Amino acid sequence: MGEKNTMEVNCDQQIFGYQHSSKYLLLCTTEERNSYRFGTRQIKGNCAESFTEYWTCLDYSNLAELRHCRKQQKEFDNCVLEKLGWERPELGDLSKVTKVATSRPLPENPYLSRPRPEPNTPIQAELQPSKHGSRLFFWNW
């Protein structure tokens, strides 16, 4: 084929091989790609053995449960802390909302080219209970 990966060529318009019309959907800048590549190179160069043990444990454990691989996780975390100086974030830190100052303009249509849905109209009539009961209890034997 000889073509470059579409994620590298046009990351802000090609997402996993699908063309999207919105330019605001997953804007992937070259700085983000380069920082990801830098981080993976650092881990591969310094802590490849402990990382391989950790992901292998996760891969072969039942349902990829983290509790079965705490020993390997501790070894990997210690290696990354010792050699790279990176600390693992506390539990829940990555799910917190962070505000970032940016020069990127706000999107014109946050609904991604779909019209905004109309609100439901209020029901004018008085609601009566169903004549034949609920569908939830249809098979009651």
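The values are calculated or read from the model by the stated rules, or taken from the named source; none is laboratory data. Please read these numbers as outputs of a predicted model, since none were measured by experiment. Positions of Cβ are backbone-derived with ideal geometry, glycine not excepted, and every protein chain shown enters the neighbour counts.
For residues that are in a helix (DSSP H, G or I) and of a type in the set (Ser, Thr, Tyr), scanning just the stretch 56-78, find the one that is nearest to Gln42 (Cα to Cα). Selected residue: Thr56. Taking the condition at pLDDT 80 or above, of a type in the set (Ser, Thr, Tyr), part of a loop (DSSP other than H, G, I, E, B) and closer than 25 Å to Gly39 by Cβ, does Thr121 pass? For Thr121, the condition - at pLDDT 80 or above, of a type in the set (Ser, Thr, Tyr), part of a loop (DSSP other than H, G, I, E, B) and closer than 25 Å to Gly39 by Cβ - is not met.
Looking at the stretch 68-77, can you tell me whether even one residue there is exposed (fewer than 10 other Cβ atoms within 10 Å of the Cβ) and not assigned by TED's automatic domain parsing to the domain that holds Gly39? No. On inspection, Ser95 passes the criterion of being small (Gly, Ala, Ser), within 21 Å of the chain's Cα centre (by Cα) and farther than 16 Å from Gly39 by Cα.
Can you tell me which residue within the stretch 79-94, out of those that are charged (D, E, K, R) and part of a helix (DSSP H, G or I), is surrounded by the most Cβ atoms within 10 Å (Cβ to Cβ)? Filtering first and then ranking leaves Lys83. Checked against the criterion of being touching a helix residue (DSSP H, G or I) at 6+ places or on another chain (Cβ under 9 Å) and polar (S, T, N, Q), the stretch 76-85 contains one or more residues that satisfy it.
Give all pairs with beta carbons closer than 8 Å in which a residue from the stretch 76-96 that is under 20 Å from Leu58 (Cα atoms) meets a residue that is of a type in the set (Asp, Glu); count only pairs at least 6 apart in sequence or on separate chains. If the second residue must be of a type in the set (Asp, Glu), the pairs left are Phe76/Glu53; Arg88/Asp77.
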